[in-house]
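Working notes, structure below.
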Amino acid sequence: MKAPSRNPFARTTILAVGLSLFFWVHLNSSAEASPRTPRPLTIHSSEANVAHVTRAGLTALMDYAEKHGDAIGGVGTDLQNNLFVDIVDGAAASATRAQVDTVLSQYSETAGQYAVTIQSVQFGLNHLQGIVTELASPVGVGLTLRPVLKNWGVDPVKNQVTIGVPELTPTVSSVLSRAFGDAVSLFVFTEDAHTLSVTRGSDIQPYNGGDRIDNISYGNSCTSGFPVNLAQGGRGMLTAGHCGNRTSTSADHFNNGGHAFGHIGERSLGSGTDKLDSAVLVDQTYSTLIFTGTSASAPVKGRATVSVGDMPCFSGWYTNNVCGRSRVLETDRCASATDQRFGTTVSCHLDGFSDPSASIQPGDSGGPVYDNTTGGILAKGTITSTTSTEGFYEEVLWQLRQWNVTLATS
């Protein structure tokens, strides 16, 4: 359908967010713990319902944790919107608690989304992240156990690094216990765990669309889009072109929850024949699932056509999942966007939609735009930019043509 006549070069704001925070949304990587499950030895005491804070308060606490990784053991939430703040025992604990209380007072609301629990813990975030790095290392414990380590990451709710293995054996338990003591715990990893025990901020391979992806070279965070089959074999993952560096792709390496997510293999930002805002991530494994909630996911079944009047769904790591709030106003248009790194660029083959603040926020760039269908979803595009009144996404059809790839479907 032909789009209504509009300014073909409206200025927009791109939706990468300039944060690089380590954050784990807790889903209890093994099974859901019963009320009688013993508390890990790393948790010395806890104080529940200290305050209720907003989403902005959660972000502020995440930022504080990253800057004070010796005094803070982590910040994380569970599915019941309980927010856990770990304060490391020791001489500095009282001063740290006072600083945390100051942050809480700034964002506390009676109807705040997150109920805060303060935990007194053994390990600081820097120590736990050091274990994550060591497990990923090609030497030492990482090399010894590489064949059996399936998934690992910092879990602030437990104040441990939780490690997934195909089966619990005395040998693996002994090696990890000798190396890291109480700072690690094991759970049995199964293929089903990918749809049951992961979140956007702490996914495991093969990675989903809708994941949080942090550009570790440039400090911005975006969202992964749709999986694609590469012409040379293997799979890649679409995202927005502005999530990377304009002049170099080799330096653009992305993480998810402390794990390598891949680097940019192909990239366009207002360049090339079609002037797309698009990139393809490569070098890791990617699933045919996209997140349709905090932890829920659905398989990609194909590609949807786009028409004015459509009301698609949006999947971004920051906003989560929103359906039926924004309506497509126009299709296949160009728009300019301004960014402090790139200046002003022009991208084309964009679809514009209404009420952008209801559906997308900074950090959602690159995330999937889709329609629901029987047994899964149909791909429409990837989130790019917004003005105060209109948002934009890059149609997936043009991205497939640009990169000579096909949509990976289930």
query = What order do you get for ILE163, ILE216 when you list them from fewest to most C-beta neighbours inside 10 Å?
reply = ILE216, ILE163
remark   = Cβ-Cβ cut-off under 11 Å around ARG200, Lys and Arg +1, Asp and Glu -1: the net charge is -2
message = Expected output is a single nm value to one decimal: the length gained when fully extending between MET311 and ASP63, i.e. 0.36 nm times separation in residues minus the C-alpha distance. What is it?
response = 85.8 nm
ask   = Across 10 Å bins from 0, what is the distribution of all Cα-Cα pair distances for region 264-410, in whole percents?
value = 12, 44, 37, 7, 0
query = What list do you get for LEU83, LEU400 if you sort them by fewest beta carbons within 10 Å?
reply = LEU400, LEU83
message = Net charge within 9 Å of ALA279 by Cβ-Cβ distance, Lys/Arg positive one each and Asp/Glu negative one each, not counting ALA279 itself?
response = -2
request  = Quick one: order LYS380, LYS275 by neighbouring beta-carbon count within 10 Å, fewest to most.
outcome  = LYS275, LYS380
ask   = With contacts defined as alpha carbon pairs under 8 Å and 6 or more residues apart, what's the relative contact order of region 303-410 in percent?
value = 26 percent
task = Sum up the charges of everything whose Cβ sits under 13 Å from the Cβ of GLY265, counting Lys and Arg as +1 and Asp and Glu as -1, but leave GLY265 out.
result = -1
ask   = Between ASP339 and ALA91, what is the FRET efficiency for a Förster distance of 41 Å, r being their Cβ-Cβ separation, to the nearest 0.05?
value = 0.40
remark   = The long-range amide H neighbours of PHE226, using H built 1.01 Å from N in the peptide plane and a cut-off of under 5 Å, are LEU238
Amide H contacts under 5 Å for ASN208, placed H, 5+ residues apart = SER287
task = Set Lys and Arg Cβ to +1 and Asp and Glu Cβ to -1, take the dipole of region 256-410 about its Cα centre, and tell me which of ILE360, PRO299, THR344 lies farthest positive.
result = PRO299
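Here, each number is a calculation from the coordinates, and none is a lab measurement. Quick caveat: nothing in here was measured; it's all calculated off a predicted structure. As a convention, Cβ positions derive from the backbone with ideal geometry for all residues, glycine included, and neighbour counts pool all protein chains shown.
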